[in-house]
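Data first, discussion second: the structure below is written as C-alpha cells.
The values are calculated or read from the model by the stated rules, or taken from the named source; none is laboratory data. The structure displayed is predicted, hence computed values, not measured ones. Please note: Cβ atoms are built from the backbone with ideal geometry, for glycine as well, and neighbour counts cover all protein chains shown.
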Amino acid sequence: MKVLVCISNVPDTTTKVTFTENNTKFNTQGVQFIINPYDELALTKALELTEKVGGTVTAINVGLADAEPSIRKALAIGAHDAVRVNAEPVDAFFVASEIANYAKSESFDLILTGRESIDYNGGLVAGLLAEMLNMPSVNVVTAIDVNGDIVSLERDIDGGREKLECKLPLVASAQKELTEPRIPNMRGIMAARTKPLKVVEASSAQANSQTLNFELPAAKGACKLISVEEAGTLIQLLHTEAKVI
Amino acid sequence: MNQAQDFQRSSKSDLYQHHDYYLMDELLTDEHKLIRNTVRDFVKKEISPIIEDAAQRAMFPHYLINGMAEVGCFGPQLPAEYGCGGLDYISYGLIMQELERCDSGIRSTASVQGSLVMYPIYKFGSEEQKRKYLPKLASGEMMGCFGLTEPDHGSNPAGMTTHYKDAGDGKNIILNGAKMWISNSPFADVAVVWAKNEAGIIKGVIVDRGMPGFTTPETHGKWSLRASATGELVFTDVLVPKENILPGVEGLKGPLTCLNSARYGISWGAIGAALDCYDTALRYAKERKQFGRPIAGFQLQQKKLAEMITEIAKAQMLTWRLGVLMNEGRATPAQISMAKRNNVAMACQIARDARQMLGGMGITGEYSIMRHMMNLESVVTYEGTHDIHLLITGMDVTGENAFT
C-alpha cells in the first residue's frame with residue numbers, strides 16, 4: 001500500500017502570536033515550528049497501517065526550505081521518503097492543488113492529512129484534495145483499518161459514532177483519538193539523514209484567497225467569583241453586565 | 001525490577017518551556033534540535049509524570065531503561081558500528097541537558113552508562129570486549145556501573161587500596177577491595193572497576209554480576225538523587241578472567257579520561273536543572289499574587305530572575321563552545337573542569353533562589369525545585385568536588401600544584 005501523508009509546518013502550541021506588515025503577516029521571529037500535531041497522528045497511523053499490511057509512507061509538505069526540520073522529523077519518525085513542494089503555502093486551495101499535482105503521477109492508495117492545521121484551522125485541504133483527485137474523502141476520523149482494498153473508518157458524530165467502509169483509494173483526515181504520536185528513536189534520527197527528501201518546484205496553481213488582516217482576540221477580562229449563597233447574582237450579572245442572557 | 005504500574009503518575013502536566021536568551025539555537029544544527037526535542041518529548045511523556053513518586057519513594061524506575069536506550073541516552077557519542085549513536089558531543093550534551101532538566105538522578109544513570117562504562121570499554125577495551133559489551137550497553141539490555149571512589153579515597157583516587165593479584169592458574173586474577181558511592185551499582189550487570197595490580201599500577205577490570213565474592217549492597221537514606229540507585233561494590237577474592245582487564249590503559253589516566261567525558265555531560269546537565277528551576281520560578285512569579293499583583297512585578301523577585309537567566313545564558317555559551325572544542329578533540333581537562341564547576345555551582349544557586357521565590361510551595365513535591373536543589377548537592381560533590389575543580393583551574397593557570 002502506498003500512503004501519502006500531508007505535513008504542515010506550524011508554530012509550536014506555546015507560541016506568543018504577533019503580526020507584522022500592517023497585521024497581514026504572522027511574525028515568525030523567534031518562533032519554533034513543529035509538525036502540525038494532527039498531521040503527526042496521520043503519519044503515525046500511516047506507519048502503523050503499513051507495518052501491518054506492508055507498503056511505503058511518503059510525507060509531503062508544501063513549504064519553503066525552512067520547513068525541512070519538520071520534514072526531517074517525519075522521516076525520523078519513520079516515513080520512507082519525503083517531498084517538499086518548494087513554495088510558500090499561501091492558502092488551502094493552493095496547498096491542495098500542489099499536493100494533488102504531485103499525487104496524480106504517483107497513484108497513492110491512501111492519502112492522510114490532519115483534520116486541520118493548528119495555525120489557520122482551515123480544515124479544507126483533505127476535502128479539496130479528494131475533489132481534485134476524484135477520490136472519496138472521510139473527515140475527522142478516529143479509527144482506520146485496512147483489509148485488502150477495503151478501509152473501515154470511524155468518526156465521532158453528534159451524540160454518537162459513525163462506522164463506515166470505503167474502497168481505496170481514499171483521502172482521510174485525522175482526529176485526535178486516531179492514535180498516539182510516536183517519538184522518534186535514535187535509529188530513526190540517524191536513518192533520516194540518508195532518506196530521500198525530494199524538492200519539486202511548484203506548479204502554476206494560484207491561491208484563490210488573500211489575507212486582509214489579522215486581529216488578536218480581545219484580552220480576557222478579570223474573573224469574578226460569586227459565592228454559592230449568592231448564586232442569584234450570577235443570573236443578574238449575566239443579564240446586565242455580560243449581556244449574554 | 002519495577003514496572004510502570006508501580007509508580008503513581010502525576011496528573012499535572014510538565015509545562016516546561018525552553019529558554020534561549022542569546023539565541024543559541026542558531027548555533028545548533030537541525031539534527032541537534034531534533035535530538036534535543038525528541039529527548040524532551042520523551043522526558044515529558046515518560047519520566048516527568050513519575051519522577052516525583054520515584055524520588056519520594058527512593059526507587060529507580062528500571063522500566064524506563066528501554067525507552068531511554070531507544071531515544072539514544074546510552075553512549076550516543078560512541079560509534080554506530082558498536083550499536084551506539086554515532087553522534088557528536090553537542091548532541092550528547094543536549095541529551096544530558098534534557099534528562100537533567102527532569103532529574104539529576106536519571107541523568108546520572110545515563111552518564112554512568114555512557115561515559116563511565118561504555119566509554120572506557122570503547123577507549124581502552126580490546127576488540128572482543130567492545131563487541132561483547134557495547135551493543136548490549138547501548139540497547140539497555142545490560143546496565144553498568146563504575147568503581148573508582150573508595151570509603152577512604154574520594155578526592156585522592158590514587159590512594160586506592162582495591163587490588164588484584166594473579167590467581168596462578170594462568171587464566172584469572174583475584175580481586176579484593178571495596179568501592180563506595182557507586183551510581184547504578186545495585187542493579188548493574190557489569191562494573192568497570194579500577195584496581196591496582198601487583199606492581200601497584202592502576203588498571204581497569206570488567207567485573208560481571210554473578211562472579212562469586214562480588215556483592216553490591218545498596219546505599220539507603222540518601223536525601224539526594226533519590227530516583228537513582230546508589231550502592232557499594234564489594235570484592236572478596238573475586239576470580240576475574242584475565243581477558244576482562246582493559247588492555248589499553250594503565251595508571252590514573254584511565255579513570256580520569258572517563259571522568260572528563262562524564263564531567264562534560266554534567267556541565268550540560270546542570271544547565272538543564274537550572275533551566276527547569278528558572279522556568280518554574282518564572283511561571284510561578286507571573287501567576288502568584290501578593291499585595292494585589294503578581295510577585296513577578298516586585299524588584300527583589302526580578303533581581304533573582306534576572307540573575308538566573310544571565311547565569312544560564314553565560315553557561316549555555318561556555319558549554320556550547322566547550323562542545324565545539326570536544327568535537328574538534330581540542331578541549332583540555334581543565335576546560336571541562338571549569339565548565340563542570342561553574343555550571344553546577346550556578347545551578348545550585350538558581351535552585352536555591354527559585355525555591356525561595358516559591359515560598360512554602362517550593363518545599364513540596366508539587367514543584368520540582370527542591371528535588372533539583374537536593375540532587376545538585378550530589379552533583380556538586382561527585383566527579384570532582386567543587387573545591388577540587390577550583391584547584392584544577394588554579395594549577396592550570398599558576399603551574400603550581402596545591403592538591404597535596
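A few comments on the model shown:
- Filtering segment B:186-207 to residues that are of a type in the set (D, E, K, R) and surrounded by 16 or more Cβ atoms within 10 Å (Cβ to Cβ) leaves B:Asp189, B:Lys196, B:Lys203.
- Listed here are the strands (runs of 3 or more DSSP E) enclosed by segment A:74-177 that have at least 3 residues being more than 28 Å from A:Val199 (Cβ to Cβ) and touching a Lys or Arg at 6+ places or on another chain (Cβ under 8 Å): A:137-147, A:150-157, A:160-167.
- Neighbours by Cβ (under 6 Å, 6+ apart or cross-chain): first from segment B:89-105, basic (Lys, Arg); second buried (at least 24 other Cβ atoms within 10 Å of the Cβ): B:Arg101/B:Gly272; B:Arg101/B:Leu275; B:Arg101/B:Asp276
- For segment B:69-84, taking the residues that are crowded, with 23+ Cβ neighbours inside 10 Å and closer than 16 Å to B:Asn37 by Cβ, the one that is farthest from the other protein chains (Cβ to nearest Cβ) is identified as B:Cys73.
- Residue count for segment B:21-38 satisfying the condition of being surrounded by 16 or more Cβ atoms within 10 Å (Cβ to Cβ) and facing chain A (nearest Cβ under 9 Å): 6.
- Hits in segment A:192-202 (condition: surrounded by 10 or more Cβ atoms within 10 Å (Cβ to Cβ) and within 14 Å of another protein chain (Cβ to nearest Cβ)): A:Ala192, A:Arg193, A:Lys195, A:Leu197
- Unique match (being in contact with a helix residue (DSSP H, G or I) (Cβ under 7 Å, 6 or more places away or on another chain) and more than 14 Å from chain B (Cβ to nearest Cβ)) among A:Ile150, A:Ile189, A:Ile245: A:Ile245
- Top-ranked residue of segment A:86-96 - restricted to ones that are surrounded by fewer than 24 Cβ atoms within 10 Å (Cβ to Cβ) and of a type outside the set (Phe, Trp, Tyr), ranked as nearest to the other protein chains (Cβ to nearest Cβ): A:Asn86
- A:Thr28 vs. criteria within 14 Å of chain B (Cβ to nearest Cβ), touching a residue at least 60 places away in the same chain (Cβ under 8 Å) and surrounded by fewer than 23 Cβ atoms within 10 Å (Cβ to Cβ): no
- Residue among A:Glu68, A:Glu48 that is of a type in the set (Asp, Glu), surrounded by fewer than 19 Cβ atoms within 10 Å (Cβ to Cβ) and within 14 Å of chain B (Cβ to nearest Cβ): A:Glu68
- Which listed residue, of A:Ala143, A:Ala205, is at pLDDT 95 or above and surrounded by 10 or more Cβ atoms within 10 Å (Cβ to Cβ): A:Ala143
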